[in-house]
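Quick notes on the structure that follows.
None of the figures in this text is laboratory data; all of them are computed from the coordinates on show. Since the model is a prediction, treat every value here as computed from it, not as a measurement. Here the Cβ positions follow ideal geometry from the backbone for every residue, glycine too, while neighbour counts run over all protein chains shown.
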Amino acid sequence: MRSYRQYCGLAAALDVVGERWTLLVVRELLIGPRRYGELLADLPGIGTNLLAERLKSLSHLGIVAKDDQLYRLTERGRGLGAAVGSLTRWGLAELEEPESGTACRAHWGLGGLRSMANAARVPGLEESYEFHVDDEVFHLRVSDGSANVGRGPADQPAMIMTTDSKTFVRLGSGDYSTRAAQSEGRLTITGDPQAARRCALVLGLGGES
């Protein structure tokens with residue numbers, strides 16, 4: 001393994017996860033345990049030999065473990081969640097209209113939701129929202145001062161958003177509004193219009209609906 005040979009926490013972290021594709025493998029496993037074929041399908045362009053190499057390296061470093069043909073993050077691996085979330089949130093601002101052929105998966109937006117949601121932006125809020133993205137369904141529940149994001153439908157959602165994966169991810173950039181997406185036919189929102197505004201506030205996107 002290559003090393004920066006610098007006595008610094010950041011350099012030490014990059015020695016471990018700084019290789020190309022490594023953090024994207026971690027991104028996939030933060031969602032939950034995955035089979036090798038699932039990882040290969042959701043990491044377009046990586047190639048089977050390189051994926052095998054990355055998984056072997058991450059396993060050797062105690063970041064990934066394999067049980068019954070499923071790869072999962074260890075406790076140490078899950079500790080990368082905050083760093084991946086911060087990088088995701090930072091990177092969203094770099095997104096523009098995707099070029100033709102650019103890969104996107106609906107569940108990549110789940111990581112964006114988790115990185116953006118902050119219940120402290122709307123104190124006292126108790127509300128759920130549901131997102132239909134391609135063939136996936138996600139929910140955001142704001143309760144008791146915390147924001148929880150997960151797969152599956154919401155319990156009595158105040159707002160339901162339906163869109164495609166590229167639009168969903170791009171909305172997180174803050175440079176593309178729900179109003180623009182609706183006018184272009186890429187997005188529909190049902191439910192309480194005020195709930196849509198509150199959801200936007202929780203996600204740090206202002207109050208535009």
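Over all projection directions, the Cα-based convex hull of the stretch 71-133 averages an area of 6.7 nm². Axis angle, to the nearest 10 degrees, between helix 48-60 and the longest C-alpha principal axis of the chain: 80 degrees. What separates the Cα centres of the stretch 1-50 and the stretch 142-191 is a distance of 28 Å. For the stretch 107-203, the share of alpha carbon pairs falling in successive 5 Å distance bins from zero is 3, 15, 27, 29, 19, 6, 1, 0 percent. Per-residue Karplus couplings for the stretch 193-198, computed as 6.51 cos²θ - 1.76 cosθ + 1.60 with θ equal to phi - 60°, are listed in order as x, 5, 5, 4, 5, 5 Hz, Gly and Pro entered as x. Here the chain was treated as a single set of alpha-carbon atoms; its pair distances binned every 10 Å from 0 give 8, 32, 32, 20, 7, 0 percent. Can you find, among CYS104, MET159, LEU43, the residue farthest towards the positive end of the dipole of the chain? Put +1 on the C-beta of Lys and Arg, -1 on that of Asp and Glu. Looking along the dipole axis, the top candidate is LEU43.
All C-alpha to C-alpha distances of the stretch 9-79, sorted into 5 Å bins beginning at zero, yield P(r) values of 3, 17, 32, 29, 13, 5, 1 percent in whole numbers. If the chain linking ALA13 and ALA41 were pulled fully straight, counting 0.36 nm for each residue of separation and taking away their Cα-Cα distance, it would gain 7.4 nm. The longest stretch of the chain left intact once loop-based trypsin sites (Lys or Arg not before Pro) with at most 16 other Cβ atoms within 10 Å are removed from consideration, loops following DSSP, is 21-209. Restriction of the GluC sites (Glu not before Pro) in the stretch 79-177 to DSSP coil positions whose beta-carbon has at most 16 other beta-carbons within 10 angstrom yields GLU94, GLU96, GLU99, GLU126.
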